[in-house]
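A.B. asks: This structure is in structure tokens; I'll ask about it shortly.
The values are calculated or read from the model by the stated rules, or taken from the named source; none is laboratory data. These numbers were taken from a predicted model, which means no experiment stands behind them. Positions of Cβ are backbone-derived with ideal geometry, glycine not excepted, and every protein chain shown enters the neighbour counts. Ligands, DNA and RNA are stripped out before the accessible areas are found, and what is left, the full protein with its side chains, is counted by its heavy atoms. Shrake-Rupley method; radii C 1.70, N 1.55, O 1.52, S 1.80 Å.
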Amino acid sequence: MAQSPEYIVIKARENGVNVIGLTRGSDTRFHHSEKLDKDEVMIAQFTEHTSAIKVRGKATIQTSHGEMNTND
């Protein structure tokens, strides 16, 4: 049975937090972008198309590896 892709939870701690999905392959490119307002939560997933997720702004990020804050 294949392992299911990992989910991450991103909670904005200020208005205007950017969450950007980056593609897999020989050229890394942006493929999706969201802007979160304070206290909004986004649940994101690594997939066959998404190899990285970039968070810009003050946010709390929860993964299976633990919790971290940006811009402290």
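A.B. asks: For region 50-65, check the following and say yes or no: at least one residue is loosely packed, with under 11 Cβ neighbours inside 10 Å and without any contact (Cβ under 8 Å) to a residue 40 or more places away in the chain.
C.D. replies: Yes: region 50-65 contains one or more residues that are loosely packed, with under 11 Cβ neighbours inside 10 Å and without any contact (Cβ under 8 Å) to a residue 40 or more places away in the chain.
A.B. asks: A further question on this structure: Being within 11 Å of the chain's Cα centre (by Cα), modelled with pLDDT of 95 or more and open to solvent by 60 Å² or more (accessible area, probe 1.4 Å), is that true of even one residue in region 27-34?
C.D. replies: Within region 27-34, none of the residues are within 11 Å of the chain's Cα centre (by Cα), modelled with pLDDT of 95 or more and open to solvent by 60 Å² or more (accessible area, probe 1.4 Å).
A.B. asks: Taking the conditions exactly as written (surrounded by 12 or more Cβ atoms within 10 Å (Cβ to Cβ), at positive phi and either touching a residue at least 12 places away in the same chain (Cβ under 8 Å) or among the β-branched types (Val, Ile, Thr) (or both)), does GLY16 satisfy them or not?
C.D. replies: Here the answer is yes, as GLY16 does meet what is asked.
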